[in-house]
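The structure appears right after this line, and notes come after that.
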Amino acid sequence: MTRLAPPARKALLTLHVVSSVGWLGADLVLLTLGVAVLRGADPDTVYPVAALVATLLFAPLGVLVWVIGVTSALLTPWGLLRHRWVAVKLVLTTVLATLVLLLLTPRLRHAGAVGAALPHAERIDLVVAPAVSSTLMLVATVLSTYKPWGRLRRADRTGGRRPGAAAPAGR
Ligand code: HEM
């Protein structure tokens with residue numbers, strides 16, 4: 001697999017961090033808006049804003065994070081299925097991005113359309129879903145910085161580096 005020169009790798013890493021942590025930020029905004037309605041804010045005002053954030057920011061960022069994350073793994077010595085922390089992030093992000101696109105965004109758009117007519121149980125869902133997803137994104141962020149658990153395969157073509165060893169070269 002092609003490896004990137006250090007300046008290109010830094011640029012890709014910058015894109016990856018900005019998009020993924022931005023995704024977490026957008027999720028926290030949705031959580032805040034959901035809580036605001038439960039605390040008495042006007043659903044006719046808040047839910048259309050949440051729907052807009054979901055459509056213009058949250059859903060597109062989900063796709064972008066997945067694509068840039070996979071690219072970052074494939075074009076660096078980390079590899080996609082070589083280190084457990086990367087593989088776990090791949091699974092987490094794939095599940096999250098799918099749920100965001102197929103479930104959460106349509107529900108938020110529906111809430112934006114019906115406003116105050118949204119039943120209480122669905123209002124609760126619009127708090128629980130972003131609370132769970134932002135917690136999982138926080139887990140992904142912590143995995144990224146601590147990089148735990150070593151390799152999936154003991155040795156490969158790069159030579160059996162010790163599990164949990166420092167970042168592969170080229171950063
Ligand atoms: C498809 C999913 C993902 C994959 C395959 C992936 C893969 C990677 C890889 C390989 C790196 C190291 C890049 C390098 O050293 O040049 C990295 C760094 C990082 N990732 Fe991800 N990532 C994914 C999703 C996420 C998500 C969802 C978040 C957070 C919400 C995240 C946050 C970060 C952060 C903060 C770093 C920088 C860590 C550092 O430089 O010490 N990633 N990711």
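Numbers at a glance
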| item | result |
| --- | --- |
| Candidate set: segment 84-105, residues that are in contact with a Gly (Cβ under 9 Å, 6 or more places away or on another chain) and either without any contact (Cβ under 8 Å) to a residue 24 or more places away in the chain or under 18 Å from R9 (Cα atoms) (or both); chosen: the one farthest from the ligand (Cβ to nearest atom) | T98 |
| Single residue of segment 34-50 satisfying the filter (small (G, A, S) and out of contact with any helix residue (DSSP H, G or I) (no Cβ under 6 Å at 6 or more places or on another chain)) that is farthest from the ligand (Cβ to nearest atom) | G40 |
| Checklist (1) more than 16 Å from the ligand (Cβ to nearest atom); (2) farther than 25 Å from L13 by Cα applied to V53, failing item | (2) |
| Pairs, first under 17 Å from H16 (Cβ atoms) in segment 119-148, second of a type in the set (V, I, T) and near the ligand (Cβ under 10 Å from one of its atoms), C-beta under 8 Å, six or more apart | A140/T93; T141/V21; L143/V88 |
| Index of the failed condition, T76 passing every other in (1) more than 21 Å from L138 (Cβ to Cβ); (2) part of a helix (DSSP H, G or I) | (2) |
| Looking only at segment 54-67, and only at residues there that are surrounded by 19 or more Cβ atoms within 10 Å (Cβ to Cβ) and of a type in the set (A, V, I, L, M, F, W, C), the one that is farthest from the chain's Cα centre (by Cα) | A54 |
| Residue selected from segment 1-33 under the condition more than 10 Å from the ligand (Cβ to nearest atom), of a type in the set (A, V, I, L, M) and over 17 Å from V70 (Cβ atoms), by the criterion surrounded by the most Cβ atoms within 10 Å (Cβ to Cβ) | L30 |
| Segment 72-131 - residue that is of a type in the set (K, R) and over 18 Å from the mean Cα position of the chain (by Cα) and, of those, nearest to A5 (Cα to Cα) | R82 |
| From the options T98, T76, T71, residue that is under 30 Å from A111 (Cβ atoms) and hydroxyl-bearing (S, T, Y) | T98 |
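No value in this document is a laboratory result; all are computed from the given coordinates. Since the structure is predicted, the reported quantities are computational estimates derived from the model, not experimental observations. Ideal geometry is used to build each Cβ from the backbone, glycine not excepted, and the neighbour counts take in all protein chains shown.
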